[in-house]
Every structure is written in structure tokens, then in C-alpha cells.
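The values are calculated or read from the model by the stated rules, or taken from the named source; none is laboratory data. Note that the coordinates shown come from a computational prediction; the quantities given were computed from them, not determined experimentally. Glycine gets a Cβ as well: all are built from the backbone with ideal geometry, and neighbour counts include every protein chain shown.
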């Protein structure tokens with residue numbers, strides 16, 4: 001594997017994301033040889049750490065996530081890390097950061113390559129991007145920036161942030177990261193659709209009745225009440241994770257697997273995304289908040305949550321496209337806190353057909369993303385010892401040994417950043433379209449709030465969300481497959 005020279009600057013180097021995900025993932029890429037001799041990482045944050053203390057934190061992060069490691073390898077890897085105490089609002093600190101980056105570039109022969117990673121509070125993204133530009137932190141080689149979600153709070157703020165980032169970086173050098181696109185079963189959607197005639201030939205409105213996406217979280221907001229009350233389930237989960245999944249399910253087949261072709265297919269699809277009217281939002285969307293129990297607070301009683309909050313901890317809704325292979329097919333989604341279990345699942349529901357048995361059910365294709373990774377097709381067969389039809393699953397599943405080889409989503413996506421493959425990242429034109437959809441729903445809800453009669457369903461924890469979500473289907477015979 002190619003040894004890529006680069007100086008990587010992590011804004012938020014003392015944070016939880018860096019510790020849990022970035023440092024272990026970088027170590028794996030180091031062991032694979034993608035980065036090795038000619039790289040250095042500068043961790044920045046406000047804390048007054050030293051180089052040595054950061055290296056201790058890096059070593060701890062590796063030991064926490066790896067059962068067995070070569071201590072000499074860990075020590076050698078950690079020696080490439082440097083710390084710079086940094087206030088992102090202080091211009092002088094960027095001057096100091098630029099000087100350190102150049103010193104390390106010379107020491108490690110990094111060829112002027114720079115990789116910037118925004119691993120801190122989103123409200124600072126624009127400030128950092130602006131000062132990278134006005135203080136000329138970019139190098140003479142490649143310059144790439146990785147931006148965590150959320151990319152903006154609405155379309156207007158996303159456009160402003162994009163303007164600030166594109167002052168320093170070309171669109172092809174901006175990697176808007178969504179770890180869901182690094183998950184094994186999300187990356188299996190395209191191969192499943194395009195390499196299996198059994199599936200490829202029925203991927204149309206002629207055979208697919210609807211598609212259902214569930215992103216269920218077992219826990220409540222816990223310590224994130226302050227942040228969550230300004231966001232909600234629609235912005236926190238639908239605008240990124242769910243729309244990424246929807247796009248992969250509905251996009252036309254790309255002419256090849258290059259990043260440009262894949263994004264061209266996605267953009268072609270998203271032009272036909274139907275933006276809902278206020279009347280359609282009222283009919284096709286449900287928002288809810290979880291109630292309390294003996295073991296959990298109600299959402300409005302959570303710390304740092306407004307007791308009069310209208311922020312949704314659950315949302316269910318519907319999307320449609322006017323072009324693409326499944327044009328006109330309803331795609332239903334739901335996500336929320338305090339479900340009965342943690343689960344990410346996609347159900348492709350096929351239409352019933354006329355048959356002499358009468359009671360035969362439709363076939364369904366199910367993709368389980370979390371906590372298990374598997375695909376199964378539900379088919380009908382004959383009962384053995386009595387008349388009638390039984391249902392069976394044809395399953396594609398990984399063994400424990402195979403699952404142990406599956407890399408973490410961040411490892412996969414960091415690898416792609418280093419090799420400049422943006423296939424599994426979001427382009428601005430796609431993100432803009434997602435925000436146009438989200439803003440339409442949020443605006444309709446805001447008008448309800450201002451009128452004093454918001455329809456916010458209350459649901460018990462450890463169930464499947466509010467019963468009102470059963471009413472968004474286009475026909476009374478449709479229902480949630482995952483119950």
C-alpha cells in the first residue's frame with residue numbers, strides 16, 4: 001500500500017471523536033502502510049497539553065480499541081503526533097500553527113500536502129475555514145478538508161459555511177464525512193442492486209410496492225439535551241444518514257464506479273426529489289417526543305431541555321422521486337430515541353401477485369445494517385406436513401471471522417480521504433437538495449408551532465414510536481414490516 005506523505009491537522013484533537021475513532025483508525029492505516037514514514041499529525045484544542053501528553057492519549061486510544069498490539073509499533077506511531085494549544089478564534093494562533101506545520105513538513109518530507117480535519121463543535125467550522133484561508137495554512141501540495149456533520153443547521157447556514165470553505169478548497173477537496181457511508185451493509189447496497197439479475201430486474205415501480213427505512217436508537221438524549229433541543233431527529237438523522245441511504249436505493253445505475261459517475265447518478269436522481277408542501281407535511285409526516293417511565297426521564301424533563309420544547313425525538317415521513325428506476329415508489333422512513341432496541345434496517349417490500357394459493361405473502365428484501373450485518377429475502381414455500389404456504393428467509397450473512405475483518409467506518413473513510421476517493425462522501429449539490437427538503441418540513445412545523453397547535457405525538461419508551469406513524473402509508477393495507 002502506498003505511503004502517502006501528509007501533515008494532518010485535527011481541530012479538536014483532545015475530543016472524544018479523535019480519541020475513540022480517529023486515532024485508532026489512523027493507527028490501522030499506519031500498520032497497513034498507507035501512512036508511515038512521511039506523515040505527522042498536529043492535534044489542536046484549547047487545553048494546555050504537551051506533545052508527550054497527546055502521545056499518551058493516542059497510545060491509550062489504541063490500547064482501548066485493540067486487543068493485541070506491538071508496543072514498539074504503537075510507540076513509533078505516536079511519535080508522529082504533535083500538540084498545539086489553539087483558540088480557533090485567535091488569528092495569531094493560526095500563525096503559530098502554520099509555522100509548526102511547515103517545520104514538520106520539512107522534517108517528514110511531506111511534500112507540502114495538508115489534510116485538515118474538523119472534529120469539534122460545528123459552530124466553529126466557518127471560523128476555522130476562514131482563518132485557514134486568510135492565514136494561508138494550505139500547503140504547496142494537495143490540500144483537503146474533512147468536515148463532520150452537521151454541515152449547517154438549515155440551507156442558509158449550509159450555504160454560508162460552504163462559501164467559507166470553498167474560499168480555500170475546491171469542491172473535489174472537500175470531504176463531508178458521514179460515517180454511515182463507511183458501514184459494511186450500506187456499501188453493499190450498490191453491489192446488491194447492480195450485480196444480481198434477480199434483484200436488478202425487479203428494481204422498479206412495477207414490482208416494488210414501497211421501501212421502508214428504520215434508524216432506531218435505544219437510548220434517550222442523555223447528556224446531549226442542550227445540543228439536541230436545537231436540532232431534533234429530522235436534522236440529526238434524516239438530513240444526513242437517512243437521505244444517504246435513500247439516495248443509494250433510488251439512484252440510477254452509474255455508467256461506471258468512478259466517483260464522478262456515482263455522484264452524477266446521485267445528482268440526476270435528486271433533481272427529481274419531490275419537495276413536500278405544507279399540506280403534504282401534515283399528511284405524510286409525524287413528529288413525536290418520548291414520555292417518561294420508571295427508568296427514564298420524559299424528553300421535556302431531560303437536563304438542558306426546554307420544558308415547553310417542540311423539538312422532535314422521533315420523526316416518520318415519506319419521500320418520492322419523479323425519475324430514476326423507482327420513480328413514484330414511496331420511500332418511508334422513521335427514526336427516533338427510546339425505541340425497543342437499537343436497529344438500522346431497510347425493507348424493500350415487493351408487490352403481491354395473483355396466485356392460486358391466495359394466502360401467499362409478498363416477497364421482501366431486508367438489509368440489516370446494525371447491530372447485525374445481513375441481507376435476507378423472504379420467500380414463500382410449501383408447508384411440509386399440512387396444506388398451505390410457509391415463509392422462509394434466504395440469508396446472506398457474515399461469519400464471526402468475517403465480521404472481525406470488517407474495518408470501522410472511520411477507517412474506511414479516512415483511507416478514502418488519503419487516496420482522494422470522494423465516492424462515499426457528500427457533494428454540495430446533493431447536500432443542498434437534502435436541506436431544501438428538510439427546510440420545507442421544518443417550515444411547515446414552525447407554522448404549526450406559531451399557530452399554537454403543534455401536532456407532536458407522545459410515545460412510550462422502549463416501544464416502536466407513536467402509533468400515529470402507522471397512518472402515513474398510502475393505502476390501508478400497507479404497514480411497517482419491522483415491528
Positions within segment 65-115 being within 17 Å of residue 134 (Cα to Cα), part of a helix (DSSP H, G or I) and touching a residue at least 60 places away in the same chain (Cβ under 8 Å), in sequence order: 97, 101
Starting from residues that are within 26 Å of the chain's Cα centre (by Cα) and under 24 Å from residue 91 (Cβ atoms), keep the ones in segment 133-150 and report whichever is modelled with the lowest pLDDT. 148
For segment 44-55, what are the residues that are part of a helix (DSSP H, G or I) and more than 21 Å from residue 410 (Cβ to Cβ)? 51, 52, 53
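Yes/no per residue for (1) at pLDDT 95 or above; (2) under 22 Å from the mean Cα position of the chain (by Cα); (3) crowded, with 18+ Cβ neighbours inside 10 Å:
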{"residue": "319", "(1), (2), (3)": "yes, yes, yes"}
{"residue": "334", "(1), (2), (3)": "yes, yes, yes"}
{"residue": "345", "(1), (2), (3)": "yes, yes, yes"}
{"residue": "348", "(1), (2), (3)": "yes, yes, yes"}
{"residue": "355", "(1), (2), (3)": "no, no, no"}
{"residue": "363", "(1), (2), (3)": "no, no, yes"}
{"residue": "368", "(1), (2), (3)": "yes, yes, yes"}
{"residue": "371", "(1), (2), (3)": "no, yes, no"}
Given (1) assigned to a strand (DSSP E or B); (2) over 30 Å from residue 31 (Cβ atoms); (3) free of Cβ contacts under 8 Å to residues at least 40 places away in the same chain, residue 458 misses just (3)
Unmet requirement for residue 413, which otherwise passes all of (1) out of contact with any strand residue (DSSP E or B) (no Cβ under 7 Å at 6 or more places or on another chain); (2) surrounded by fewer than 19 Cβ atoms within 10 Å (Cβ to Cβ); (3) within 24 Å of residue 239 (Cβ to Cβ): (2)
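Restricting segment 136-156 to residues that are assigned to a strand (DSSP E or B) and touching a residue at least 60 places away in the same chain (Cβ under 8 Å), which is surrounded by the most Cβ atoms within 10 Å (Cβ to Cβ)? Explain how you work it out, then say what you get.
Filtering segment 136-156 for residues assigned to a strand (DSSP E or B) gives 143-147.
Subsequent filtering for residues that are touching a residue at least 60 places away in the same chain (Cβ under 8 Å) retains 144, 146.
Details: 144: 22, 146: 20.
Going through the qualifying residues, I end up with 144.
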If you go through segment 34-49, how many residues are in contact with a strand residue (DSSP E or B) (Cβ under 6 Å, 6 or more places away or on another chain), over 11 Å from residue 80 (Cα atoms), surrounded by fewer than 24 Cβ atoms within 10 Å (Cβ to Cβ) and in contact (Cβ under 8 Å) with a residue 40 or more places away in the chain? 0
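One line per residue, one yes/no per condition, for (1) within 20 Å of residue 344 (Cα to Cα); (2) modelled with pLDDT under 95; (3) surrounded by 17 or more Cβ atoms within 10 Å (Cβ to Cβ):
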| site | (1), (2), (3) |
| --- | --- |
| 437 | no, no, yes |
| 442 | no, no, yes |
| 445 | no, no, yes |
| 451 | no, yes, no |
| 455 | no, yes, no |
| 458 | no, no, no |
| 469 | yes, no, yes |
| 475 | no, yes, no |
| 480 | yes, no, yes |
Residues (surrounded by 15 or more Cβ atoms within 10 Å (Cβ to Cβ), farther than 19 Å from residue 54 by Cα and touching a helix residue (DSSP H, G or I) at 6+ places or on another chain (Cβ under 8 Å)) located in segment 79-108: 94
